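Below you'll find the structure, written out as structure tokens, and then a few comments.
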Amino acid sequence: VQLVESGGGLVQAGGSLRLSCALSGRTFSNYIMAWFRQAPGKERDFVAGISRGGSTTYYADSVKGRFTISRDNAKDTVYLLLNSLTPADTAVYYCAYQSGGFTVNRDARQYNYWGQGTQVTVSS
């Protein structure tokens, strides 16, 4: 199993980024997918999730209306579009997959596999 995140970078406040996460070694469409983030010295927090077919999405209150999660099951890839970024969004962003359940699990401790993450830095 491999999760590979990409698309992070340095951006000014108000800017945008699009993150990607590719899953290999599993049947991508079988899994709910989620994005988490971790700032230095803080816990890994839920950001967004998406159902297996992509019809249902979930967001943390802090990013609702600014971030958009989507997926392409033909490409085994989940995306996170980050708009209206602020310095508070600075973190390493990780994706994860959830095999069971019908709604996304927002507790990072329930996930076993993580990629290397992609750094998002927002300057003021």
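Would you check which residues across the stretch 23-69 are under 18 Å from T103 (Cα atoms), among the charged types (D, E, K, R) and free of Cβ contacts under 8 Å to residues at least 60 places away in the same chain and list them?
Selection gives R52, D61, K64.
Taking Y79, is it in contact (Cβ under 8 Å) with a residue 24 or more places away in the chain, farther than 23 Å from Q2 by Cβ and in a strand (DSSP E or B)?
Working: in contact (Cβ under 8 Å) with a residue 24 or more places away in the chain: yes; farther than 23 Å from Q2 by Cβ: no; in a strand (DSSP E or B): yes.
No.
I'd like the full set of residues that are surrounded by 15 or more Cβ atoms within 10 Å (Cβ to Cβ) and part of a strand (DSSP E or B), limited to the stretch 19-37.
Within the stretch 19-37, L19, S20, C21, A22, L23, I32, M33, A34, W35, F36, R37 meet the criteria.
Given the criterion in contact with a helix residue (DSSP H, G or I) (Cβ under 8 Å, 6 or more places away or on another chain), farther than 11 Å from C95 by Cα and among the basic types (K, R), identify the matching residue among R52, R66.
Working: R66 fails: in contact with a helix residue (DSSP H, G or I) (Cβ under 8 Å, 6 or more places away or on another chain).
Exactly one residue qualifies, and that residue is R52.
Farther than 17 Å from L3 by Cβ, assigned to a loop (DSSP other than H, G, I, E, B), small (G, A, S) and open to solvent by 70 Å² or more (accessible area, probe 1.4 Å) - does that describe any residue in the stretch 66-76?
Looking for residues that are farther than 17 Å from L3 by Cβ, assigned to a loop (DSSP other than H, G, I, E, B), small (G, A, S) and open to solvent by 70 Å² or more (accessible area, probe 1.4 Å), one finds at least one in the stretch 66-76, hence yes.
Hey, can you tell me all the residues within the stretch 102-112 that are modelled with pLDDT of 90 or more and open to solvent by 100 Å² or more (accessible area, probe 1.4 Å)?
Initially, the stretch 102-112 is screened for residues modelled with pLDDT of 90 or more, giving 103-111.
Passing the criteria: R106, R109, Q110.
The values are calculated or read from the model by the stated rules, or taken from the named source; none is laboratory data. Computed from a predicted structure; not experimentally measured. Counting neighbours? That spans all protein chains shown, and the Cβs are built from the backbone with ideal geometry, glycine included. Heavy atoms of the whole protein, side chains included, go into the accessibility calculation; ligands, DNA and RNA do not. Shrake-Rupley method; radii C 1.70, N 1.55, O 1.52, S 1.80 Å.
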